[in-house]
Amino acid sequence: MTAPVLEKPTAPAAAPAPAPAPVVETARPAVSAGRRRFLQGAWAVSLAAALVMGFVGFLFTLSHVQERHYQSTAYKTFRDQLGRAVAPTGSAPDGDPVALIDIPAIGLHQTVVVEGTTGRDLMRGPGHRRDTALPGQAGVAVVFGRGATFGAPFAQLSKLRVGDRIEAVTAQGRYTYTVNVYGDGDHPIVDPARNRLVLVTGDSDWIPGSTVLIGARLDGAAEQNPGGRPATVPYDKALAADKGALATLQLWSLALLGAVVGGLLLARYWRRSAVYLTAAPVVGALLWAVYENAAALLPNLY
């Protein structure tokens, strides 16, 4: 007799998993035309404010760095020219170094004076007015300097007092002037001395409306003045704006806009971090050029 075969009990069937709840997509509320215009306007205003604040930052920080860099380079160039006896004694190209000036009373030491008094010339340091004598030569030497931006070499000019000394070095030697008279835009300096120096800057560390003039007489004999200097141009005058920079400003602005748009388009197809890292130096350089040309449109003594 065979043993009965016991059947293995079967486990109860698992209950079917509940079906996932259907995902109901809620439509985003449509942005009204008025709100869209508001957001676009707010974005444009924010961008404009950022550009303006960047320009202010450039004027009062980066412009000083730019001027110091040029001064350092120009000082080495001029000292080399003095050593080789090839420094200019007459007319010189715009922006070239023509003298060194020291005014201890206002903390100015071994400052390079460049040729020309346009806004661009004065971005490099104090500028010699092209139609006047060089310091130390017979006649009146006129030097302009900024009072707020690009190193602000003449910011403390109004603190000079009668008797303060001004030292100048040119290709013809070293000379000393003594401050003896003051003036301004409405009251020009009147001094019968034939050989003298006139320093000119703006009357305010904000946007200047007039000028401050400091007159000093040459101590000792003057050197020969070769003459033959060119006439001034409108941009050489005190408080003049270099309107010729407007066209250049427009070109640099277009280049900046093109770089920004190009970077945004590339970011849609390439890795954004790589595009931004590549574009940042280009945009920064173009923005610097835009700000520099915009600064040339301000009064040259600012």
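Values quoted throughout were computed directly from the atomic coordinates according to the rules given, and no laboratory measurement underlies them. This is a predicted model, so every value here is computed, not measured. With ideal geometry, Cβ positions are generated from the backbone for all residues, glycine too; neighbour counts draw on all protein chains shown.
Roughly what % of Cα-Cα distances in the range 59-236 sit above 25 Å, to the whole percent?
Values: 4039 of 15753 pairs.
Counting pairs separated by more than 25 Å, the tail of P(r) holds 26 percent.
Using the Cα centre as the reference, give the magnitude of the dipole from point charges on the C-beta atoms of the chain (Lys, Arg: +1; Asp, Glu: -1; all else neutral), rounded to the nearest 20 debye.
Using Cβ point charges on Lys, Arg, Asp and Glu, the chain gives about 800 debye.
Membrane-span-like helices in the chain: DSSP H runs reaching 18 Å or more (Cα, own axis), mean Kyte hydropathy at least 0.0? Don't jump to the answer; show the numbers that get you there.
Numbers: long enough: 33-57 (36 Å, 0.88); 63-83 (30 Å, -1.44); 245-267 (33 Å, 1.93); 272-295 (33 Å, 0.93).
Flagged H segments are 33-57, 245-267, 272-295.
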Problem - Cα-derived Rg to Rh of the range 171-232, Kirkwood definition - result: 1.04
Practice task
Would you mind checking the radius of gyration and Dmax of the range 245-295 based on alpha-carbon positions, in Å?
Solution key: 12.1, 37
Exercise for the section: Please report, to two decimal places, log10 I(q)/I(0) for the range 163-302 at q = 0.14, 0.21 Å⁻¹ as given by the Debye formula with identical point scatterers on the Cα atoms and no solvent. Expected result: -0.84, -1.22
Completion exercise
When all Cα-Cα pair distances of the chain are considered, the percent exceeding 29 Å is 50 percent
Completion exercise
Farthest towards the positive end of the dipole of the chain, among TYR182, ALA285, GLN81 and with Cβ unit charges of +1 on Lys and Arg and -1 on Asp and Glu, lies the Cα of ALA285
Exercise for the section: Determine the relative contact order of the range 245-295: mean sequence separation of Cα pairs under 8 Å and six or more apart, normalised by residue count, in whole percent. Expected result: 58 percent
Handout entry: Using alpha carbons only: equivalent-ellipsoid semi-axes of the range 50-95, gyration tensor based, whole Å
Key = 33, 12, 5
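Report the gain in length on full extension from ARG268 to THR248: 0.36 nm times residue separation, minus Cα-Cα distance, nm rounded to one decimal. Each step should come with its number before you reach the end.
Working: separation 20, 0.36 × 20 = 7.20 nm, distance 3.10 nm.
Stretched fully, the ARG268-THR248 segment lengthens by 4.1 nm.
For the range 159-232, which trypsin sites (Lys or Arg not before Pro) are both in a DSSP coil and crowded by at most 13 other Cβ atoms within 10 Å? Each step should come with its number before you reach the end.
Details: sites: LYS159, ARG161, ARG165, ARG174, ARG194, ARG196, ARG217; in loops: ARG161, ARG194.
Listed in order of number, the matching sites are ARG161, ARG194.
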Problem - Overall Cα dimensions of the range 128-227 - principal axes, largest extent first, Å - result: 39, 27, 23
